[in-house]
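For reference, the structure discussed in these notes is given below.
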Amino acid sequence: MLNNQPIRETDINSLKKLAQTLRKDVLKMVMASREGHLGAAFSCIEILTALYFNVLNIDPLQPDWEDRDRFIMSKGHGCFAQYAVLARRGFYPVELLESINQKDTLFGGHPDRDKVPGIDVSTGSLGHGLSIGAGMALADKRDGKASRVFVLLGDGECQEGSVWEAAMFAAGNGLDNLTVIVDANSLQAIGKTDDIIPMEPFSSKWKSFGWEVREIDGHDYSEILSAFNNTLSTPSVPTAIIARTVKGKGVSYMENEIMWHARAVTENEYKQAVLELNEGTSF
């Protein structure tokens, strides 16, 4: 974990390079399976790399270590990004990723804790991740553990009433060991979030439920790491990080395009995407 350590430029540069590699890993998985949620995976890549390589207290050699920090990918359709991050973190060989959606594979279209090392909660039915995370955080508090719980939500997911019930519960129980990150890319399956159920003013909503709130650029590592570095600054108060992101980030023709919520890539599209990621043209 960061524990208020200075953020070094060398660390940020390493994370940027890793993000490009992870996007290519996700692309390969989509090509192999002929399906997947590229937009949702690409918008949260920087958040996941910061968590798994700078924040979470975990051990790839002991995925079920009792005192580990826990991460819940509540927006389970973005799991291709988590699969790639777990592989690069050492939970299993990177080569396994291309078996996705094949017979006897570890990897399905949503994360399964009974199959994939490093997955703490099976998700996919939106709106439940924060409730589970709040329960985990409360149990750790009562057991006197220093473990922390992190939950990644989509902004469209936050239209679910169960999210706000869990938010009230967490604040009411003083769960300062719980952090929510909202991947606020402004798009969901069928359109713009604000055209379906407007969520703004988003930060004010979380504050009114008793949360400490930070709003950041979800692709800027300085802002991401700084936000994670300060999640324990207010005792007995949970933290919500509103990460403003771009759906399909990293590939020009995918960015902010609703069609890439769930779509396979053609051979030509794949080649163009890899070319852009190799050159870093979108950064």
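Annotations
- For the range 90-106, backbone phi angles converted through the Karplus equation (6.51, -1.76, 1.60; θ = phi - 60°) give residue-by-residue couplings of x, 6, 6, x, 4, 4, 5, 4, 6, 7, 3, 6, 8, 4, 6, 6, 6 Hz, Gly and Pro being listed as x.
- About its Cα centre, the range 157-283 has a charge dipole of approximately 160 debye under the convention of +1 per Lys or Arg Cβ and -1 per Asp or Glu Cβ, with nothing else charged.
- Neighbours of Asn256, meaning other residues whose beta-carbon lies under 10 angstrom from its beta-carbon, give a summed charge of +1 when Lys and Arg score +1 and Asp and Glu score -1.
- Positive dipole terminus of the chain, leading residue within Ser236, Phe150, Ile216 (C-beta point charges): Phe150
- Phi-derived couplings, Karplus 6.51 cos²θ - 1.76 cosθ + 1.60 at θ = phi - 60°, listed residue by residue for the range 177-186: 8, 10, 10, 9, 10, 9, 7, 8, 9, 6 Hz, with x used for Gly and Pro.
- Net dipole in debye of the range 1-78 [+1 Lys, Arg Cβ; -1 Asp, Glu Cβ; about Cα centre; nearest 20]: 460
- Its residues counted as N, the range 1-148 yields a C-alpha radius of gyration over 2.2 N^0.38 Å of 1.04.
- Computed over the Cα atoms of the range 1-83, pair by distinct pair, the Kirkwood hydrodynamic radius stands at 14.0 angstrom.
- Of all segments of the chain bounded by trypsin sites (Lys or Arg not before Pro) found in a DSSP loop with no more than 11 other C-beta atoms within 10 Å, the longest spans 104-283.
- Nonlocal amide H pairs with Thr245, under 5 Å, H built at 1.01 Å: Ala184, Asn185, Gly218
- Förster-model FRET efficiency, 35 Å R0, Asn278 and Ile190, C-beta, rounded to 0.05: 0.60
- Within-15-Å neighbourhood charge of Ile190 [Cβ basis; K, R +1; D, E -1]: -2
- Residue-normalised convex hull volume from the C-alpha trace of the chain: 117 Å³ per residue.
- Test item: Cα-centred dipole of the chain, Lys/Arg +1 and Asp/Glu -1 on Cβ, debye: 180
- What separates the Cα centres of the range 10-76 and the range 233-283 is a distance of 13 Å.
- Taking other C-beta atoms within 10 angstrom as a stand-in for reagent exposure, Trp65, Trp206 fall in the order Trp65, Trp206, fewest first.
- Order of Ile241, Ile197 - criterion: other Cβ atoms within 10 Å of each residue's Cβ, fewest first: Ile197, Ile241
- Percent of Cα-Cα distances greater than 22 Å, calculated over the range 129-283: 48
- Sorting Tyr253, Tyr92, Tyr83 by the number of Cβ atoms found within 10 Å of their own Cβ, with the fewest placed first, yields Tyr253, Tyr92, Tyr83.
- For Ala240, the residues whose amide H sits under 5 Å from its own are Val180, Glu212, Val213, Arg214, ignoring neighbours fewer than 5 places away on the same chain, with H placed 1.01 Å from N.
- Calculated FRET value between Ala264 and Ser208, using beta carbons and R₀ = 35 Å, to 0.05: 0.30
- Entry note, the chain: relative contact order of 22 percent, from Cα contacts under 8 Å with a spacing of 6+ residues.
- Within the chain, helix-based [θ] at 222 nm, where runs of 4 or more DSSP H residues each add -39,500 (n - 2.57), nearest 500: -11500 deg cm²/dmol
- Integer Hz, Karplus 6.51/-1.76/1.60 couplings in order for the range 262-271, x for Gly and Pro: 8, 6, 6, 9, 7, 4, 5, 5, 4, 4
Each value in this text was obtained by applying a stated rule to the coordinates, not by laboratory testing. The shown structure was predicted, so the numbers you read here are calculated from the model rather than taken from an experiment. Cβ coordinates were reconstructed from backbone atoms using ideal geometry, including for glycine residues, and neighbour counts include every protein chain displayed.
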